[in-house]
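Bear in mind that the values in this text are calculations on the coordinates, not laboratory data. All values reported here derive from a predicted model rather than from experimental measurement. When we count neighbours, we look across all protein chains shown, and the Cβ atoms used for this are built from the backbone with ideal geometry, even at glycine.
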Amino acid sequence: MKTNKSYTKRIKVTRNGKLVARKPGQDHFNAKERGRTKTVKRAAHMITVPKRIVRQFLSKTTK
């Protein structure tokens, strides 16, 4: 099965095989946000994805 490129562009795989991604809604309309909120939005977050989704969409990147 082919790897879904839209998933692979948003998700990075760490050396230990964990999946890291940014939360949505961070690219614009942030001028009115507090400084702390902007800092939190910049950070990447660990995500949990079911094994079925990993096999279906991320099979090439996690090997």
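Which of ALA43, ALA31, ALA21 ends up with the largest GNM mean-square fluctuation for the chain, with Cα atoms connected below 10 Å? Between ALA43, ALA31, ALA21, it is ALA31 that shows the largest mean-square fluctuation. Determine the sum of side-chain charges near HIS28: Lys and Arg each +1, Asp and Glu each -1, restricted to other residues whose C-beta is under 15 angstrom from that of HIS28. Net of charged neighbours comes to +4.
Largest GNM mean-square fluctuation across LYS38, LYS12, LYS23, computed for the chain with C-alpha springs under 10 Å, falls on LYS38. Percent of Cα pairs in segment 1-46 per distance bin of 5 Å, from zero to the largest separation: 5, 18, 22, 20, 14, 12, 6, 2, 1. Pairs of Lys residues in the chain are counted when their Cα atoms are under 15 angstrom apart and they lie 8 or more places apart or on different chains; the count is 16.
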